[in-house]
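The structure appears right after this line, and notes come after that.
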Amino acid sequence: MSIASYIRTIPDYPHPGILFRDITTLFLNPHGLRQAIDALAAHYAGAPVDKIAAIEARGFLVGAPLAYLLNVGFIPLRKKGKLPADTIEEEYQLEYGKSLIEMHKDAITPGERILLVDDLLATGGTAEAAMRLIARCGGLVHGAAFLVDLPELGGAAALRKAGHDVFTVCEFEGK
């Protein structure tokens, strides 16, 4: 089965007109989970990556096993107030307001190559904020990897236009 076939679509969630792509059904299936993480690991096998930075919370479900398979460190990027040590933050735009993402100041040694990972790429705003955090700590963004791309929302195109390598495992049409 294709990876996309394991992902459930929920209409009108969290707002009317939205087609929510629910990866929990992918993670319920051991074959689907293995297939998705293995696809990412195969793509980045041998890549010059020192650490994976993953965006809270579903990105952790993808980033942690990928970091394990690639034998690299893992950096959690969290919502404001969730990390215990000194942090830096970046603001990003949501369709219904603004939010903040944080990272520990000491998570990256300058010059380290970081792969950004999340579950889904929509407009790219959260990923862009995460990339700014990485750069502010002296990290070099190697690329960005996502399980799902929603190409109609333009996130992958925006990240590529900014010069970033983007890899997605599957894509869905529609918002």
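Against the compact-protein benchmark of 2.2 N^0.38 Å, the Cα-based radius of gyration of the chain scales to 0.99. Near Thr87, the amide H atoms lying under 5 Å from its own belong to Lys105; only residues 5 or more places off or on other chains count, and H is placed 1.01 Å from N. Kindly identify segment 101-170 as rounded, prolate or oblate by the Cα gyration tensor criterion: order the square roots of the eigenvalues as a ≥ b ≥ c, call it rounded if a/c is under 1.5, otherwise compare a/b with b/c, prolate if a/b is larger, else oblate. In terms of gyration-tensor shape, prolate. The separation of segment 63-94 from segment 108-175, counted between C-alpha centres, amounts to 13 Å.
Fewest neighbouring Cβ atoms within 10 Å first, the residues Thr9, Thr87, Thr123 line up as Thr9, Thr123, Thr87. Restricting attention to segment 47-171, close to 30% of DSSP beta bridges with both partner residues there are antiparallel.
What FRET efficiency, computed as 1/(1 + (r/R0)^6) with R0 = 25 Å and r the Cβ-Cβ distance, is obtained for Lys105 and Leu69, rounded to the nearest 0.05? Here the calculated transfer efficiency is 0.35. Computed from backbone phi, the HN-Hα couplings of segment 44-54 come to 9, 4, x, 6, x, 10, 9, 8, 10, 9, 10 Hz, rounded to whole numbers (Karplus: 6.51 cos²θ - 1.76 cosθ + 1.60, θ = phi - 60°; Gly and Pro given as x).
Here His164, His15 are placed in order of increasing Cβ neighbour count within 10 Å, fewest first, which gives His15, His164.
Per-residue extension of 0.36 nm, minus the Cα-Cα distance of Asp22 and Leu140, leaves a gain of 39.4 nm for this segment.
All of the numbers you see were taken from the coordinates with simple rules; none came from a lab. Just so you know, these numbers come straight off a predicted model, no measurement behind them. Using ideal geometry, Cβ is built from the backbone for each residue, glycine included, and neighbour counts are taken over all protein chains shown.
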